[in-house]
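Following: one structure in structure tokens, then a few remarks.
What follows draws every value from the coordinates through simple rules; no lab data is involved. Please read all numbers here as calculations on a predicted model, not as lab measurements. Heads up, the Cβs are rebuilt from the backbone with ideal geometry, glycines too, and the neighbour counts pull from every protein chain shown.
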Amino acid sequence: METWVVSNIVVAVLVAGAVWSGVYVRRSEMWAQAARELWRRSPVALLVVSLYVGIALVDSVSWIGGDGVGEDTVALHEARSPIDRLFADFREESYSAPLAAVTFSGETPLLHPGTHLFGTDLLGRDILHQVLKGARIALLIGGVTSLLAIPLALFFGVSAGYFGGRTDDAVFFLMSVLSSIPSLLLLIVLVMVMDKSTLSVCIALAVTSWVGFCRISRGETLKLRELEYVQAARALGIGPVRIMYRHILPNLMHLVVITFVLMFSGLVLSEVILSWLGIGVDGSWGRMIDQARDELSRDPIVWWNLSAAGAALFGLLLAVNFVGDAVRDILDPRTLRENL
Amino acid sequence: MLAYVVRRIAYGVVVVAGVLLLLFVLFFAVTDPNDIARRALGDKVPPDVIEQWKANHGYDKPLWPWQAADNLLFDHFRRMVTFDFGRSDADDAPIVDRIRRGIGPSLVLSVPMFAAGLLLGVVLALFVAFFRETYIDAAGVFVCVLAMSISILLYIIGAQYVVAKLLHWFPISGFDPAPDVVARFLAMPVLVGVLTGFGGDVRFYRTVFVEETSRDYVRTARAKGCGEGRIMLWHVLKNGMIPILTRVVLAIPFLFTGSLLLESFFGIPGLGSITVDAINGNDFSTLRTMVFIFSLLFVVGQIAVDVSYSLVDPRVRLE
């Protein structure tokens with residue numbers, strides 16, 4: 001299947017999932033209360049995150065053909081998102097400063113004077129367009145990695161904590177080995193030995209980041225399995241898989257939410273470093289920053305592509321960090337107890 | 001006590017063996033030696049040259065013990081454990097010499113960075129914790145989150161551009177170990193290193209200190225008429241140092257490894273730079289040696305932490 005079809009299906013699944021979780025949160029008193037509290041605490045950060053998510057979703061929907069292609073015949077056969085269509089036929093010959101009317105080098109007027117909000121790059125591509133497209137990549141990296149790492153961590157952590165003994169020893173050994181290797185180096189090595197696609201970057205990030213949450217979920221399971229209701233379930237003859245799924249997993253969900261949000265910014269930051277080493281994801285803000293690095297030494301200086309990508313990255317991470325702090329304060333029972 | 005230390009060291013040895021096995025899988029089993037040879041020599045090389053190169057670098061044996069008694073797996077273990085790292089895949093230079101030369105510059109950069117970061121972090125955290133639940137506290141936490149949201153790459157580029165290129169305060173990059181000029185080269189990387197670390201550190205230290213201020217001994221101190229300042233500097237700081245030291249001691253092995261980005265950007269020829277060069281040059285033998293050394297240092301550091309803990313707190317040994 002074509003990638004753009006897959007991407008459209010993924011968007012549909014994500015939207016359906018979001019609606020379903022929204023309904024679920026409304027029904028469950030605990031989650032509804034937490035959501036209200038989150039909105040009360042950090043409305044601005046939540047809105048900013050939603051803006052980024054919205055841009056990423058809009059950019060993920062794409063189709064072939066339609067208008068707005070202009071003279072670009074190649075684009076006729078490419079699947080383009082609404083954002084691509086917005087910026088179709090919007091190129092310059094080369095650099096343009098933000099909102100400039102004339103070209104960077106000479107006095108000739110631009111093709112689209114005064115319209116490039118963040119300027120254009122060496123090839124004349126609009127920076128705003130690239131920055132908007134970067135949102136999708138950033139969320140893809142954070143989202144896909146978490147989707148891989150969290151289930152992995154839960155599987156190993158819960159089974160190690162619940163079964164103990166040999167299983168626990170094996171999982172603990174695996175965690176010790178992985179955490180002994182500096183994570184950035186392990187990440188680099190993994191990306192180097194795999195092919196350099198977005199998915200392999202996500203897999204590598206997942207391998208290096210699941211250990212922390214595995215340790216947390218193992219510890220929490222160790223505590224939970226000694227509780228009376230779990231022992232009662234065991235006494236009733238309920239099998240271990242069902243106990244783990246019905247009685248232990250739901251009590252780890254708040255930790256999953258906290259981990260997901262707190263992990264996110266670290267993942268996006270790691271991708272920036274990978275980009276600098278030339279093994280990042282195409283079109284990411286990290287790649288833009290890396291490419292714009294040398295342009296600072298041009299004369300006159302080209303500062304806008306670096307600043308735009310840096311600001312977009314900073315905005316997302318700042319908002320996510322604030323949401324993460326609020327989520328942790330709300331859902332972590334330890335802090336809850338201290339605040340009471 | 002002795003039994004605990006022996007058990008802990010034995011487990012460390014097993015973990016290092018696990019790391020070695022993982023490295024073997026990644027660097028030999030997943031990456032084809034022919035591929036490594038071609039990356040080092042280029043694509044248009046006759047097969048006999050590739051075979052010769054593989055023989056010179058010890059890549060020509062079978063992978064696993066069940067294929068031959070003289071195999072790459074045993075070779076890999078034997079060479080890593082005896083620190084016989086061989087030659088670089090990229091330029092045939094002995095890796096051991098390179099590491100020996102790199103440790104010095106790495107330490108010269110990382111030790112001041114570590115000390116400055118720790119001192120600044122603890123002082124700022126104490127200050128913020130003293131004003132807990134006021135606007136000063138909120139502003140402090142806000143600044144920390146701001147600092148944490150900026151990529152290290154942006155810090156480096158910003159520092160090089162503003163401080164070095166526009167203001168000409170320090171050289172953009174470079175290194176000279178002579179004692180009278182070394183500080184000029186180190187100022188910026190140390191500054192950037194402290195800036196990137198302080199957000200997370202101050203927040204962590206602040207949480208520790210704020211948690212300590214709600215303890216009973218603080219209330220007792222207050223009841224006997226102790227001033228808030230003295231409580232902070234005498235009681236809270238002392239007790240808060242236990243979790244802080246754990247974090248700090250675990251960071252010590254990484255002093256030797258330096259920082260990949262800082263060293264590479266500021267042209268400091270330490271272990272971090274060596275690693276980055278190995279990555280950029282597809283130099284797999286140097287890269288796996290560096291990963292092994294970093295992991296070894298980490299495991300040794302962790303054993304040291306655990307053993308010193310068990311000396312201080314006998315309960316640890318029972319686990």
Distance from the stretch B:21-44 to the stretch B:49-86 (C-alpha centre basis), Å: 12
Proximal lysines relative to residue B:224, as straight alpha-carbon distance under 25 Å, when same-chain residues fewer than 8 apart are discounted: B:238
Residues residue B:131 and residue A:15, FRET efficiency given R0 of 45 Å [Cβ-Cβ distance, rounded to 0.05]: 0.50
P(r), alpha carbons of the stretch B:1-137 - 5 Å bins starting at zero, rounded %: 2, 8, 10, 13, 12, 11, 10, 8, 7, 6, 5, 4, 2, 1, 0
Whichever lysines have a C-alpha closer than 18 Å to that of residue B:44, once near sequence neighbours (fewer than 8 apart) are set aside: B:54
Reachable lysines, given that their alpha-carbon falls under 27 Å from the alpha-carbon of residue A:133 and they are not under 8 places away in the same chain: A:196
Alpha-carbon Debye profile of the stretch A:210-298, log10 I(q)/I(0) at 0.14, 0.20 Å⁻¹: -0.65, -0.92
Cα centre as origin, Lys/Arg/Asp/Glu Cβ charges: the stretch B:179-319 dipole, Debye: 680
Length added when fully stretched, residue A:94-residue A:199, from 0.36 nm per residue minus Cα-Cα: 34.6 nm
Two-site FRET efficiency, residue B:169 against residue A:301, from Cβ-Cβ distance with R₀ of 22 Å, rounded to 0.05: 0.70
log10 of Debye I(q)/I(0), alpha-carbon scatterers only, for the stretch A:119-238 at 0.17, 0.18 Å⁻¹: -0.91, -0.96
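Under the Kirkwood approximation for Rh and a Cα-based Rg, what ratio Rg/Rh is obtained for the stretch A:142-213?
Numbers: Rg = 12.9 Å, Rh = 12.7 Å.
Taking Rg over the Kirkwood Rh, I get 1.01.
Dividing the alpha-carbon Rg of the protein assembly as shown by 2.2 N^0.38 Å yields what?
On the way: Rg = 27.1 Å, N = 659, 2.2 N^0.38 = 25.9 Å.
Output field value: 1.04.
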The stretch B:204-280 and the stretch A:147-186: distance between their alpha carbon centers, rounded to Å: 27
Residue mean of other protein chain beta carbons inside 10 Å, A:184-194: 6
Separation of the residue B:176 and residue B:138 label points, Cα + 7 Å toward Cβ, nm: 5.1
Residue A:28-residue B:67 pseudo-label distance in nm [points 7 Å out on the Cα-to-Cβ vector]: 5.0
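Find out how many positive minus negative residues lie around residue B:56, taking Lys and Arg as positive, Asp and Glu as negative, among other residues whose Cβ is under 12 Å from that of residue B:56. Working shown, then result.
On the way: positive: B:54, B:87; negative: B:51, B:60, B:89, B:92.
With Lys, Arg at +1 and Asp, Glu at -1, the neighbours total -2.
What 222 nm value per residue comes from the helices of chain B, counting each DSSP H run with n ≥ 4 as -39,500 (n - 2.57) and dividing by all residues, nearest 500 deg cm²/dmol? Kindly include the intermediate steps, with their values, before the conclusion.
Numbers: 15 runs with 219 residues, N = 319.
About -22500 deg cm²/dmol.
Please report, in debye to the nearest 20, how large the charge dipole of the protein assembly as shown is about its Cα centre when each Lys and Arg carries +1 at its beta carbon and each Asp and Glu carries -1 there.
Here the size comes out at about 2740 debye.
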Three-way shape label, chain B, alpha-carbon gyration tensor, a/c 1.5: oblate
